Amino acid sequence: MLKINQLKKQYKNFNLNCSMEVKEGMITGFIGPNGSGKSTTLKAVLGLISIDEGEIQIFGKDVKDIKPEDKEKIGVVLSDSGFSRYLTVKDIKAILKNTYTAFDEQLFTNYIEKYQLPADKKLEQFSVGMKAKLKLITAISHKAKLLILDEPTAGLDVMARNEMLDMLRDYMEEDEERSIIISSHISSDLETLCDDIYMINDGNIILHKETDNLLSNYAILKVDEEQLKTLDPQYLIRMKKESYGYTCLTDQKQFYLENYPKIVIEKGTIDQIITMMIQGV
């Protein structure tokens, strides 16, 4: 669906070097600290910024060869863009109807009514949550095959985020050939939604795993100096010095559960894993 191979983009104080793939029928999460390269990567995929080197393929075609009918199959939500604040939902529906041949007016209307978005109010009167829902409804209403979502739930409360995640699940259930790449700094959203997750830091992919693997096999070990000396280090990925001793990251939780019953072993959250991957040694 989407392949990125050795994508390179250099700025004064930042170098992006990224390879990743979003497979058909999959929801791929893209996570990392602010300024790590998430938005830069997605903007390069969309042709909004030039690249220095590398290859980007969408639907099996080089991104430079994408035709207008291919672009219609892509739905986009960017964190730093949206509609004019002077437009209404009615205005936007008319724009979409004239822009996309596959625009599903009934689907659009159903979602607008479901989430009680006023059709005649200007967007400047919308809350952050209302604007976010409208952006996502717009992205899915023309039956896109690929959704590219950059921080779509940023700034939203738990209820609003859950409603948007449900919208994405419904979108995927309607067509098994659809795919999503979603960037977020809210790891709990990705844990419950994504099939696999890429972690990026300082312009480089530092980890790519299936979500089930991350949540089932990765763990945090908390040990003192003496316990650390007894640990088999072959499955330790990162270590970080703490006041009590050390925190260690492993991708073989069961091994340490079976062989070291006296040490503290905690299920690793995605936040903990990415923190250890970045700050650990």
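For the reader, a short list of remarks on this structure follows.
- Longest segment of the chain lacking GluC sites (Glu not before Pro) that sit in a DSSP loop with at most 16 other Cβ atoms within 10 Å: 25-175
- In terms of packing, defined here as the mean over residues of other Cβ atoms within 10 angstrom, the peptides 138-149, 93-104 line up highest first as 138-149, 93-104.
- Sequence of LYS241, LYS64 once ranked by neighbouring C-beta atoms within 10 Å, starting from the fewest: LYS64, LYS241
- Span from the the range 173-251 Cα centroid across to the the range 38-59 one, whole angstrom: 26 Å
- Estimated translational D of the range 218-279 in µm²/s (Stokes, Kirkwood radius over Cα pairs; 25 °C; 0.890 mPa s): 215 µm²/s
- From helices alone, the chain scores -10000 deg cm²/dmol at 222 nm; the rule is -39500 (n - 2.57) for each run of n ≥ 4 DSSP H residues, then divide by the residue total.
- Spin-label proximity, ASP170 to the range 99-126 - amide N less than 13 Å from point 7 Å beyond Cα toward beta carbon: 106-117
- Charged side chains reduced to their Cβ positions (Lys and Arg at +1, Asp and Glu at -1) give the chain a dipole of some 840 debye around its Cα centre.
- Coil-residue chymotrypsin sites (Phe, Trp or Tyr not before Pro) of the range 187-273, DSSP, other Cβ within 10 Å capped at 11: TYR244
- Note on PHE59 and LYS71: the extension gain reaches 3.3 nm, defined as 0.36 nm multiplied by sequence separation minus the Cα-Cα distance.
- When the alpha-carbon atoms of the range 159-281 are used, the pair Rg, Dmax equals 16.9, 55 angstrom.
- Convex hull of Cα atoms in the chain, direction-averaged projection (nm²): 17.0 nm²
- Listed residue (LEU7, SER50, GLN116) projecting farthest to the positive dipole end of the chain, Cβ model: SER50
- Model label sites at ASN15 and SER127, defined 7 Å from Cα along the beta-carbon direction, differ in position by 4.6 nm.
- Each Lys or Arg adds one and each Asp or Glu subtracts one; over the other residues with Cβ under 11 Å from the Cβ of GLN125, this totals +2.
- THR269 paired with ASP224, simple spin-label distance in nm, labels 7 Å along Cα-to-beta-carbon: 2.7 nm
- Unit charges at the beta carbon, dipole of the range 2-213: most positive-side option, SER183, GLY82, THR211: GLY82
Any read-out appearing in this document is the output of simple, stated calculations on the displayed coordinates, not a laboratory observation. On a predicted model such as this, the values are computed, not experimentally measured, just so you know. In this analysis, Cβ positions are derived from the backbone assuming ideal geometry, glycine residues included, and neighbour counts consider all displayed protein chains.
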